[in-house]
Amino acid sequence: MKILVLGSGAGGGFPQWNCNCAQCAGQRRGTTRARSRTQSSIAVSADGAHWVLLNASPDLGAQIRTQPALHPRGRPRDTPIKAVVLMDAQIDHVAGLLSLREGPPIELYCTPCVFEDLTSGLPVLPVLQHYCGVHWHLLPVAGEERSAAFHIDALPGLRLHAMAIAGRAPPYSPHRHDPAVGDNIALLVEDVATGERLFYAPGLAHIGEAERAAMAAASCVLVDGTFWTDDEMIAAGLGPHTAADLGHLPQSGVRGMVAALAPLPATRKVLIHINNSNPILDEDSAEHHELRRHGVEIAHDGMEIEL
Ligand SMILES: [Zn+2]
Ligand SMILES: [Zn+2]
């Protein structure tokens with residue numbers, strides 16, 4: 001299985017266009033040793049020729065431009081991108097669908113909750129019907145059904161498994177204050193030929209039994225790297241929200257992500273969806289070095305993982 005990190009940043013990317021925090025300003029000035037990052041999305045393939053996108057970020061057009069594996073080949077109009085799977089309906093994970101409008105109908109895999117949000121509060125799917133069209137493939141994670149196995153016709157080399165995770169619908173959603181099963185999912189992607197598995201969860205507020213079991217079954221975990229501490233945004237004067245408010249588990253602390261990753265057998269433990277406030281972005285920071293000591297990697301745009 002091949003994994004391409006198209007974007008590794010959280011909403012807003014890094015540096016964020018309107019952010020003057022020490023890290024964003026330092027990155028712009030060149031005084032902070034840190035790579036810029038676009039908003040998170042990855043592409044996965046079993047054969048290197050057919051790809052599925054996991055989330056479609058607002059930066060998708062630019063991300064495809066820099067990734068030769070995703071360029072057209074052969075016919076005058078062509079794309080190796082055969083499908084898109086959405087983890088939720090957040091703007092930074094779905095707005096890139098609009099950038100695919102010049103292509104063939106989008107083979108879209110998402111839950112009923114996400115489909116509903118994208119036809120009501122943020123009606124991207126009805127809009128796309130006037131361009132390329134969308135073929136919706138239902139991921140039956142809703143109500144009592146907390147997980148679902150599925151496959152993508154154009155990628156027979158992959159077996160996928162969606163599981164409900166804690167979280168809320170986006171701020172624009174008609175059911176923002178009434179969380180439902182299927183608002184947020186994580187994904188286990190298995191290479192049928194090799195049995196290697198990827199666990200993908202760019203937003204992971206809580207690690208319960210089901211999440212722990214899925215992570216333990218993966219050879220690579222690519223998970224929520226948004227915040228180092230719960231009150232990081234507040235401490236930096238960037239806003240009133242804690243990590244928990246925004247549906248993210250911070251990395252530090254005895255119940256944090258780094259501690260949760262420690263016992264896992266995975267050979268690759270990688271953080272993605274990193275917010276511009278997170279000190280791990282600064283390659284000279286103590287937090288960056290602490291992660292490396294724990295064998296935890298930090299995804300960057302263009303990172304390639306082969307399992
Ligand atoms: Zn996000
Ligand atoms: Zn910033």
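The values are calculated or read from the model by the stated rules, or taken from the named source; none is laboratory data. Quick caveat: nothing in here was measured; it's all calculated off a predicted structure. Positions of Cβ are generated from backbone atoms using ideal geometry, with glycine treated the same way; all protein chains shown enter the neighbour counts. Side chains included, ligands, DNA and RNA excluded: accessible areas come from the protein's heavy atoms. Shrake-Rupley method; radii C 1.70, N 1.55, O 1.52, S 1.80 Å.
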Report, ordered by the first and then the second residue, all pairs with beta carbons closer than 6 Å, sequence separation of six or more or different chains, a first member in the range 288-302 that is touching a residue at least 60 places away in the same chain (Cβ under 8 Å), and a second member that is part of a loop (DSSP other than H, G, I, E, B) and open to solvent by less than 50 Å² (accessible area, probe 1.4 Å).
Ala299/Ser8; His300/Ser8; Asp301/Ser8; Asp301/Thr38
Output the residues belonging to the range 123-169 that are in a loop (DSSP other than H, G, I, E, B), surrounded by 19 or more Cβ atoms within 10 Å (Cβ to Cβ) and not basic (Lys, Arg).
Leu139, Val141, Ile165, Gly167, Ala169
Report, by residue number, each residue of the range 266-284 that is within 13 Å of ligand 2 (Cβ to nearest atom) and open to solvent by less than 20 Å² (accessible area, probe 1.4 Å).
Ile274, Asn275, Asn276, Ser277, Asn278, Leu281
Those residues of the range 25-68 which are away from ligand 1 (no atom under 16 Å from the Cβ), closer than 24 Å to Ala201 by Cβ and not in a loop (DSSP other than H, G, I, E, B) amount to Ala43, Val44, Ser45, Trp51, Val52, Ile64
Applying the selection to the range 63-90, what residues are surrounded by fewer than 16 Cβ atoms within 10 Å (Cβ to Cβ) and under 25 Å from Leu139 (Cα atoms)?
none
Give the residue that is surrounded by the most Cβ atoms within 10 Å (Cβ to Cβ), with candidates limited to residues of the range 1-24 that are part of a strand (DSSP E or B) and within 16 Å of ligand 1 (Cβ to nearest atom).
Gly9
Within the range 62-85, is even one residue more than 19 Å from Ile305 (Cβ to Cβ), aliphatic (A, V, I, L, M) and over 18 Å from the mean Cα position of the chain (by Cα)?
no
Among the residues of the range 25-62, the number that are within 22 Å of Val189 (Cβ to Cβ) and open to solvent by less than 10 Å² (accessible area, probe 1.4 Å) is 14
Do we find that Ala180 is crowded, with 22+ Cβ neighbours inside 10 Å and either closer than 19 Å to Leu53 by Cα or small (Gly, Ala, Ser) (or both) in this structure?
no
